[in-house]
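S.K.: What follows is a single structure, and I will ask about it in a moment.
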Amino acid sequence: MLLISGADDLNVDGAETEAVYRSLLAPGTLTVRRYPGATHALLRTPVERSSWRLTLTAVFAPRALFPPGLLADQRRFLEELPGHRAVEG
């Protein structure tokens, strides 16, 4: 299981959430990634907090909405799952 959270999340305590997941899951089954400068929505904090910046980034540079490493970490996690089949495109 992949648990991802933004370090600037005002809604959820990332450390507490991780502790709960670790208490429920078998050892070695949880991968945790916490992203500095990211919000609850996993958007870069300065982008989310500015409506004009959010709109312009979403239209002209959508990958820049997310903190560095988020998309690559998600892809890597999925590629490492048992039975993963590569998809081209």
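Every read-out reported here was derived from the displayed coordinates using simple, explicitly stated rules and does not represent laboratory data. Everything quoted here is computed from the prediction, not taken from an experiment.
S.K.: For T31, which sequence-distant residues (separation of 5 or more, or a different chain) have an amide H within less than 5 Å of its own amide H, given hydrogens modelled in the peptide plane?
M.R.: So T31 has HN proximity to L2, L3.
S.K.: Normalised by the number of residues in the chain, what is the relative contact order in percent for Cα pairs under 8 Å and 6+ residues apart?
M.R.: Here the relative contact order equals 27 percent.
S.K.: In µm²/s, what is D for the range 2-79 at 10 °C and 1.306 mPa s, where D = kT/(6 pi eta Rh) by Stokes-Einstein and Rh is the Kirkwood radius from Cα pairs? List each step's numbers first, then the result.
M.R.: Details: Rh = 13.4 Å.
My calculation gives 118 µm²/s for D.
S.K.: While we're on this one: Residue-wise, which Karplus ³J(HN,Hα) couplings in Hz belong to the range 42-50, taking 6.51 cos²θ - 1.76 cosθ + 1.60, θ = phi - 60°, and x for glycine or proline?
M.R.: 6, 9, 4, 3, x, 5, 5, 7, 10
S.K.: A further question on this structure: Return the sequence-ordered ³J(HN,Hα) values of the range 30-41 in whole Hz as given by the Karplus equation 6.51 cos²θ - 1.76 cosθ + 1.60 applied to θ = phi - 60°, using x for Gly and Pro.
M.R.: Computed from phi, the couplings for the range 30-41 are 10, 10, 10, 10, 10, 10, x, x, 10, 9, 4, 7 Hz.
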